[in-house]
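Trainee: One structure follows; several queries about it will come next.
The values are calculated or read from the model by the stated rules, or taken from the named source; none is laboratory data. Quick caveat: nothing in here was measured; it's all calculated off a predicted structure. Cβ placement follows ideal geometry from the backbone for every residue including glycine, while neighbour counts extend to all protein chains displayed.
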Amino acid sequence: MTLNGLSPDDRLFVLTGAGVSAESGLPTFRGMNGLWRGYRVEEVATPEAFAAEPELVWQFYSERRQRHQTVEPNPAHFAIARLERALGGRFFLCTQNVDSLHEQAGSRRVVHMHGRIMQSRCSNPGCTTPPFDDATAYRTREEIPRCRRCGALVRPHICWFGEVPFEMELIIHQLGEATQVLVVGSSGVVEPAASFVRLARRNRAHTIYVGPEEPANRTFFDEVLQGKAGEMLPQLVQDLVSGGNDP
Ligand code: NAD
């Protein structure tokens, strides 16, 4: 991929991180200094924290659920939805974000590798009850529902620290097929997403990063376009889908 457009043979893999939603008003973890009520996010977003204090973990996610219901997609989300419409099956979108802003902007096929804030699931790993839509804010232990099938507490449908992200087989397959990789607003610190660009480069994909700061995995990018996603992506996408020729 260059700013002069994609060729008809190109397959584009897009990875978005918290930065793509920053201009919609959802802070990145670093934007929150990684802290919530004095706790490090890594202390709250774990299976161990849920086992010890499920109400504390639910309070963290309940605050986020309420916040997420008030935000709107920004021009970066709309630009990425335009890429999907233009490229169809040659486009793959993987997000680290748990918000629904890509869907709200019109993206139809979004892989949420870290889960979705507006879904819950049974906390028993052996239970087969599928995740379900849930916008409820739970504050006390008594309010937390139990699984109707096995009786375990219901938890947020989120990939916590120490857990394996969702859909990794599909993601790795798509990385192997991609000729072009665009990463937007991801610090390059959180694994395994931070290694995607290295894997793609091994397959000779061309790699571009968009964000205000250089990511930690900068050495694996062919190009780093420094700026805010909402300001950079509409023009970048215009150039990609039109070969830079359209007005
Ligand atoms: P991060 O907080 O580690 O890094 C965010 C990156 O976004 C930084 O590199 C920063 O420079 C960049 N950024 C900030 N403003 C930007 C802008 N306007 N345009 C483009 N880039 C911008 O985030 P991460 O690497 O995604 O990892 C943190 C994890 O926390 C995520 O994987 C996700 O699961 C979770 N998270 C999700 C949300 C959400 O769903 N909106 C928000 C915060 C954290």
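Trainee: Take the residues of the range 182-204 that are of a type in the set (Ser, Thr, Tyr) and surrounded by fewer than 24 Cβ atoms within 10 Å (Cβ to Cβ): which is farthest from the ligand (Cβ to nearest atom)?
Mentor: Applying the filter and picking the extreme gives SER195.
Trainee: Right, next: Cβ-Cβ under 6 Å, sequence separation 6+ or interchain: first residue in the range 184-197 and assigned by TED's automatic domain parsing to the domain that holds ALA81 and at pLDDT 95 or above, partner of a type in the set (S, T, N, Q) and away from the ligand (no atom under 11 Å from the Cβ). Which pairs?
Mentor: These pairs meet every condition: VAL197/THR207.
Trainee: Checking the structure you have, find out if any residue of the range 136-151 is within 18 Å of the chain's Cα centre (by Cα) and under 30 Å from GLN66 (Cα atoms).
Mentor: Within the range 136-151, none of the residues are within 18 Å of the chain's Cα centre (by Cα) and under 30 Å from GLN66 (Cα atoms).
Trainee: So is THR16 on the phi < 0 side of the Ramachandran plot, crowded, with 21+ Cβ neighbours inside 10 Å and within 13 Å of the ligand (Cβ to nearest atom) or not?
Mentor: yes
Trainee: Moving to a separate point now. Could you please find all residues in the range 222-239 being in a helix (DSSP H, G or I) and more than 9 Å from the ligand (Cβ to nearest atom)?
Mentor: Answer for the range 222-239, where residues must be in a helix (DSSP H, G or I) and more than 9 Å from the ligand (Cβ to nearest atom): PRO234, GLN235, LEU236, VAL237, GLN238, ASP239.
Trainee: Follow-up question, since we're still on this one. Which one of the conditions (1) under 14 Å from the mean Cα position of the chain (by Cα); (2) within 14 Å of the ligand (Cβ to nearest atom); (3) under 30 Å from ASP9 (Cβ atoms); (4) of a type outside the set (Asp, Glu) does ILE117 fail to meet, given that it meets all the rest?
Mentor: Here ILE117 meets the rest and fails (3).
Trainee: Could you list, ordered by first residue, the pairs with Cβ atoms under 7 Å in which the first is in the range 218-237 and more than 25 Å from LEU199 (Cα to Cα) and the second is of a type in the set (Gly, Ala, Ser), at least 6 apart or interchain?
Mentor: Every condition considered, the pairs that remain are GLY230/ALA76; PRO234/ALA79.
Residues are listed down the side, and each one gets a yes or a no for (1) touching a Cys at 6+ places or on another chain (Cβ under 8 Å); (2) free of Cβ contacts under 8 Å to residues at least 12 places away in the same chain; (3) within 16 Å of the ligand (Cβ to nearest atom); (4) not assigned by TED's automatic domain parsing to the domain that holds THR179:
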site	(1), (2), (3), (4)
HIS77	no, no, yes, no
ILE80	no, no, yes, no
LEU87	no, no, no, no
PHE91	no, no, no, no
THR95	no, no, yes, no
ARG108	no, no, no, no
ALA135	no, no, yes, yes
TYR138	no, no, no, yes
ILE144	no, no, no, yes
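Trainee: OK, next. Among the residues of the range 167-181, is there at least one that is within 15 Å of the ligand (Cβ to nearest atom) and either farther than 26 Å from THR46 by Cβ or assigned to a strand (DSSP E or B) (or both)?
Mentor: no
Trainee: Could you list all residues from the range 146-166 that are in contact (Cβ under 8 Å) with a residue 24 or more places away in the chain and assigned to a loop (DSSP other than H, G, I, E, B)?
Mentor: Residues satisfying the conditions are CYS147, ARG149, CYS150, ALA152, CYS159, TRP160, PHE161, GLY162, GLU163, PRO165, PHE166.
Trainee: Can you tell me which residues in the range 22-47 are assigned to a helix (DSSP H, G or I), more than 13 Å from the ligand (Cβ to nearest atom) and without any contact (Cβ under 8 Å) to a residue 60 or more places away in the chain?
Mentor: Correct list: GLU43 only.
Trainee: Let me ask something else about it. Tally time: how many residues in the range 149-187 are out of contact with any strand residue (DSSP E or B) (no Cβ under 7 Å at 6 or more places or on another chain) and hydrophobic (A, V, I, L, M, F, W, C)?
Mentor: 5
Trainee: May I ask you to list the residues in the range 189-221 that are out of contact with any Gly (no Cβ under 8 Å at 6 or more places or on another chain) and assigned to a loop (DSSP other than H, G, I, E, B)?
Mentor: Hits for the range 189-221 are VAL189, GLU191, PRO192, ARG204, ALA205, GLU213, GLU214, PHE221.
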